[in-house]
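Heads up, the thing below is written out as C-alpha cells.
The values are calculated or read from the model by the stated rules, or taken from the named source; none is laboratory data. Owing to the predicted nature of the structure, the values given are computational and were not obtained by experimental measurement. Using ideal geometry, Cβ is built from the backbone for each residue, glycine included, and neighbour counts are taken over all protein chains shown.
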Amino acid sequence: MLKVGLTGGIASGKSVVGEMFVKLGAHLIRADSIAHDLMQPGQAVYEEVVRRFGREILNPDSSVNRTRLASVAFGTPGGSVPPRVKELNSIVHPAVVKREDEWMEEVGQRDPAGIAIVEAALILEAGVADRFDRLIVVTCRPEQRVERLAARLVISEEAARAEVTRRMAAQIPDDEKIKAADFVIDNSGSLDATEAQVRRVFAALREEGAQKE
C-alpha cells in the first residue's frame, strides 16, 4: 500500500482534490474530521483543550465553538492577543496522527495494493511528512484563497482576507511546501484542469504502488 500526504494552504482546494482522488479509487481520511471527532465532549483531547483554553470557547451545549477557539489559538490582528496555535496543536496533533496511522494500517490490511491518502493542512508544519511515501501539495493564487473562503464561510472578502492572513501566518509558505512536494497540483484554473492533473498524479501513484508489491 502507498501512503500519501495531501496538503496545502487554507482554501487551496485540498478537499476538492481529495474527492477527485477518491473517485479514481483512492482511500481518503481528513485530519479535520478526525480533530472534530476528538473535540467532542467526553474525549480526552476535548477535556485538555477546555482545561487549557477555558470554558469560554464552548457553546451552551458544551460543544466547542470552533470560531471562538480559532480566535484564541490564532490571536487577533495587531497582536493584542498573542497566538496560541502551537499550544493547541501540541494537544490535538499527536492524537490525530495516531488515528491516521491506525487508519492507514487498517486500509493496508483491507487493500494491500491501495493508495491511502491523508488530507491535512499541517503535515509539513507538524514535521510528520516522513510518515508518507509521497507528498502532494495543492496550490492556488493568493486572491483565490480569499474569494473561496468568503464563499465557503459566507463572509465579506475583507473578513476572509484577514482570516487567510491569520491562518497563513501559522503555515509554511507555498513556495517552501512546493520544494518538499513529490507532486504539485495547481488548483487555480478550471475544475477540469485540476482533474486532469489529479489523473496524471493518480496514474503515477498506481504505477509506483504496483512496483512496491
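Odds and ends about this structure:
- Residue list for segment 160-181, restricted to those being polar (S, T, N, Q) and farther than 13 Å from residue 8 by Cα: 165
- Positions within segment 154-169 being surrounded by 18 or more Cβ atoms within 10 Å (Cβ to Cβ) and aliphatic (A, V, I, L, M), in sequence order: 160, 164
- Residues satisfying the stated conditions in segment 162-197, i.e. touching a helix residue (DSSP H, G or I) at 6+ places or on another chain (Cβ under 7 Å) and of a type in the set (S, T, N, Q): 187, 188, 194
- For segment 116-126, the condition of being out of contact with any helix residue (DSSP H, G or I) (no Cβ under 7 Å at 6 or more places or on another chain) and surrounded by fewer than 15 Cβ atoms within 10 Å (Cβ to Cβ) holds for none of the residues.
- When residue 45 is tested against (1) modelled with pLDDT of 85 or more; (2) in a helix (DSSP H, G or I); (3) under 23 Å from the mean Cα position of the chain (by Cα); (4) farther than 17 Å from residue 122 by Cβ, just one condition goes unmet, and that condition is (4).
- Any chance residue 37 is at pLDDT 95 or above, of a type in the set (Asp, Glu) and surrounded by 12 or more Cβ atoms within 10 Å (Cβ to Cβ): yes
- Of the helices (runs of 4 or more DSSP H) lying entirely inside segment 105-213, the ones with 3 or more residues being under 17 Å from the mean Cα position of the chain (by Cα) and more than 24 Å from residue 25 (Cβ to Cβ) are found at 142-153, 157-168, 174-180.
- With respect to the conditions (1) surrounded by fewer than 19 Cβ atoms within 10 Å (Cβ to Cβ); (2) over 18 Å from the mean Cα position of the chain (by Cα); (3) at negative phi; (4) not hydroxyl-bearing (Ser, Thr, Tyr), residue 75 lacks only one, and its number is (3).
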